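The values are calculated or read from the model by the stated rules, or taken from the named source; none is laboratory data. Only a predicted model underlies this, so the values are computations on that prediction, with no experimental measurement involved. In this analysis, Cβ positions are derived from the backbone assuming ideal geometry, glycine residues included, and neighbour counts consider all displayed protein chains. Heads up: the accessible areas ignore ligands, DNA and RNA and are worked out on the full protein's heavy atoms, side chains in. Shrake-Rupley method; radii C 1.70, N 1.55, O 1.52, S 1.80 Å.
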Amino acid sequence: MSQPEPSVSRPSGQLPSTAPGRPVRGVQVTWWYTYISMVLFAVFMAFITATMLLFFHLEAGGRPGWPLVVAAVLVAIGGLTQSICSWLVRNGMGAGWPRPWATVLLLAPAGLAWVLTLWLPGGAFPGGISLWIAANILAILVHGVTRRLVIAVGIALIAVHWWAGQLITGVVVPSEAAAQQMPPLVFFIIFVPAVFLFSAWWWNIVVELDVARRDAAQLAVARERLRFASDLHDIQGHHLQVIALKAELAERLMGAGQPDAAAANIHEVRTIARTALEETRSLVRNLREVSLEEEIANAKDVLEASGATVTIRGVLVEDPAVRTLLGLAVREGATNILRHAAAATKVSITLEAIDDGLRLAMVNDGVEAPAGHDGNDVNDGAGAPDGPGVRGVGGPASGTGLSGLNRRFASSGGSVTGRYDDGAFVLEARLPAVPGRGHSQSSTVHPKEPTP
């Protein structure tokens, strides 16, 4: 599905080189909730079936004996194997017919219970329930016509068991008792597929939404890569074309015996090449002018695409140099979250005026402090710190990452620090003065709106 272009043009080079397609913790939680629900239902139905076998057997005049015990054990084993095979639902609806060992594990205990209860007085009603549950788990894994066929065969086996069980044992259920037993039987026939098929359908929806989220995140990264490529082409393409023309002209002038004119063109080639190199370094090292609003909007879009909820609060800042520094801090904080906080679900970006200047705080969950860490600041400005969500892109020599960002803030009298705080990481940037201060904006203000 194509993604609409954002309404704000963003500077390039803002995202990491890999798409933030990491799994979301909520998806795993949803799966465990779905699986445990199916397991509990299968175990509960096994207990109910075994109880009904005992009740109807005694009501039909039978006596407790080994056939009843074996039938109850088979039903219990069937509940266990159905719980195990429910794990196959993780592959999704229509994943395909399970392997032979899984098919035998799923159907054999329930099938043996179905056969044995044909000769068990009073077993006509409950004897087919275990096989019906197994058939519904199998129906999740197959698809199309096969799924409908499995459900139809399961209903037919219940009906055959009801009729053949009375015929073989000679215990005919009176019409009044049959009228009482029929509603619960119909309820089981309808309720069991509703539970299993709905659970599998819901799990499929969650997986598809997670895939869509990952695709959106990858598209966001791809758009930024295209923007970076476009900016690089604009810089290099023009300069290289001029360099080629000037070099060709100098070559012709040398051949025509005009060394002074050729030297002038060669000097221009050197000047243009130096300009191209400086502009390329400016692009790669992110030294171009950075818009605070654009950086906040970009961070919000990308972090939300990676599965996090983003809250934004801030004050208005007028000074261009300060806005550039704060924009770089937001960019670096978002990059670190995408790269290192694999389980981040909540991110807050707060820009506030304090007594001695400005304070920008980016807080994200999904991190744990390293063993033995006391929770104090992990970045003293000497280099990029280590740990989830805090490592910079490069080291001191590269001029990038948190260490390079801290040096930029230090040149303006500020600082950049990071610390662990109760399962969260806090990236804090401070500047000593507030060149422009405005009214507080609530978190509902859209970050794409330009600051007046």
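Could you calculate the FRET efficiency of Gln218 with Gln241 from 1/(1 + (r/R0)^6), where r is the beta carbon distance between them and R0 is 41 Å, rounded to 0.05? Don't skip to the end; give the middle numbers.
Numbers: r = 33 Å, r/R0 = 0.81.
Plugging the Cβ-Cβ distance into 1/(1 + (r/R0)^6) gives 0.80.
Annotation for Phe191 and Ala261: the two label points, set 7 Å from Cα along the Cα-Cβ direction, are 9.9 nm apart.
Distance from the Cα centroid of region 264-280 to that of region 403-419 is 33 Å (rounded to whole angstrom).
State the Kirkwood hydrodynamic radius of region 159-277 in Å, one decimal place, computed from all pairs of distinct Cα atoms. Walk me through the numbers before you get to the answer.
Details: mean 1/r = 0.0442 Å⁻¹.
Taking the inverse mean of 1/r over all distinct Cα pairs, region 159-277 comes out at 22.6 Å.
Using the beta-carbon distance between Thr350 and Trp202 and R0 = 45 Å, what value does 1/(1 + (r/R0)^6) give for FRET efficiency, to the nearest 0.05? Once rounded, the FRET efficiency stands at 0.80. Label-to-label distance, Ser37 versus Asp421, with points set 7 angstrom from Cα along the beta-carbon direction: 3.7 nm.
How high is the relative contact order of region 57-165, in percent, with contacts defined as C-alpha pairs under 8 Å that are six or more residues apart? Intermediate results must be reported in sequence, preceding the final value.
On the way: 129 pairs, mean separation 35.4, N = 109.
Relative contact order here is 32 percent.
Computed over region 131-230, relative contact order equals 31 percent, with contacts defined as Cα pairs under 8 Å that lie 6+ residues apart. Does region 203-358 come out rounded, prolate or oblate by the C-alpha gyration tensor, with a ≥ b ≥ c the root eigenvalues, rounded set by a/c under 1.5 and, if not, prolate when a/b is larger than b/c and oblate if not? In terms of gyration-tensor shape, oblate.
Among the protein heavy atoms of region 88-213, carbon and sulfur supply 76% of the accessible surface, probe 1.4 Å, non-protein parts ignored. Spacing of the modelled spin labels on Val211 and Arg407, each 7 Å from Cα toward Cβ, amounts to 4.6 nm.
In plain terms, if you count all Cα to Cα distances in region 96-231 and split them into 10 Å steps from zero, the share in each step is 11, 30, 24, 14, 8, 6, 4, 2, 0 percent. Here the calculated FRET efficiency for Trp119 and Arg148, from their Cβ-Cβ distance with R0 = 45 Å, stands at 0.90, rounded to the nearest 0.05.
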